[in-house]
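A quick write-up on the structure given underneath.
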Amino acid sequence: MHTEILVAEDNPKQADLAGAYLRREGHRVTCVGDGDAVLELCSKQKPDLVVLDVMMPKLDGVTVCRVLRAQSDVPILMLTARTAEDDILRGLDAGADDYLTKPYSPRELAARVRALLRRSGALKAQDSAVLRIGDLEVDSGRFEVRVEGRPVVLTAKEFGILEVLAAAPGRAFTRGQIIEKAFGFDRYVLERTVDAHVMNLRRKLGEDSGRYVQTVYGRGYRLVEQP
């Protein structure tokens, strides 16, 4: 895609997770931890989109958003732990294009980033990756799955698991890795629930002896490279 994303987040763990997930989508990502660093980097480079945490040292996200909006029309996605309507409206009034409240799913972050990039023209709709593994298609942009051209209706969690596995066919993922990559900060997802979601996913895909999703004993799950 060759899109440049700036992630401004003072929590290193959350910044690393967001950055890793966006890089997996094909974006180039730079992470910074305070408001001054955002303005300094944006004055030297021209990112295609800024993911901006509200609560940051030196300059808070709302102030940074207001300064950036006065200088450019770069798309801005605000991250906030505050869910009060007034706090959200402050960010939007400062010029943010969208907001996401914590805790959030990295999949939702990636989807909102794709939508903002398409809206700004930096990313064309057809650039959204369609993962094809044999007769299995996973369309992340449209949230669609097809088997031999037949649409398969999945829940958000089932889709998230399949999307993680389909991004690296043949690679074995632990249940913990699947949770981190598919659900991020969703604290209600436990390792044992992954098995239940995989069982439902296999049923909907019309699985026959692990045709698509294989169990790797002692490890977790993987998607067969050539079903």
Confirm whether Thr215 is in contact with a Gly (Cβ under 6 Å, 6 or more places away or on another chain), surrounded by fewer than 17 Cβ atoms within 10 Å (Cβ to Cβ) and at pLDDT 90 or above. no
Can you tell me how many residues within segment 159-177 are among the charged types (D, E, K, R) and either in contact (Cβ under 8 Å) with a residue 60 or more places away in the chain or surrounded by fewer than 21 Cβ atoms within 10 Å (Cβ to Cβ) (or both)? 2
Considering each residue of segment 65-83, count those that are among the β-branched types (Val, Ile, Thr), more than 20 Å from Gly19 (Cα to Cα) and modelled with pLDDT of 90 or more, and give that number. 1
Looking across segment 108-125 at residues that are among the basic types (Lys, Arg) and surrounded by fewer than 18 Cβ atoms within 10 Å (Cβ to Cβ), the single one that is modelled with the lowest pLDDT is Lys124
Answer from Leu79, Leu6, Leu100, Leu52 - the residue that is in contact with a Ser or Thr (Cβ under 6 Å, 6 or more places away or on another chain) and outside any helix (DSSP H, G or I): Leu6
Scan Leu89, Leu59 and give me the residue that is of a type in the set (A, V, I, L, M) and surrounded by fewer than 16 Cβ atoms within 10 Å (Cβ to Cβ). Leu89
Considering residues that are modelled with pLDDT under 90, part of a loop (DSSP other than H, G, I, E, B) and closer than 19 Å to Tyr104 by Cβ, the number found within segment 12-43 is 2
Selection from segment 14-57 of residues that are without any contact (Cβ under 8 Å) to a residue 24 or more places away in the chain, basic (Lys, Arg) and under 21 Å from Pro103 (Cα atoms): Arg23
Looking at Glu180, is it surrounded by 13 or more Cβ atoms within 10 Å (Cβ to Cβ), modelled with pLDDT under 85, not basic (Lys, Arg) and not assigned by TED's automatic domain parsing to the domain that holds Arg118? yes
Select, from Lys58, Lys46, the only residue that is in contact with a helix residue (DSSP H, G or I) (Cβ under 6 Å, 6 or more places away or on another chain), charged (D, E, K, R) and either assigned to a loop (DSSP other than H, G, I, E, B) or assigned by TED's automatic domain parsing to the domain that holds Pro75 (or both). Lys58
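The values are calculated or read from the model by the stated rules, or taken from the named source; none is laboratory data. Since the structure is predicted, the reported quantities are computational estimates derived from the model, not experimental observations. Reconstructed Cβ throughout: ideal geometry from the backbone, glycine too, with neighbour counts over all protein chains shown.
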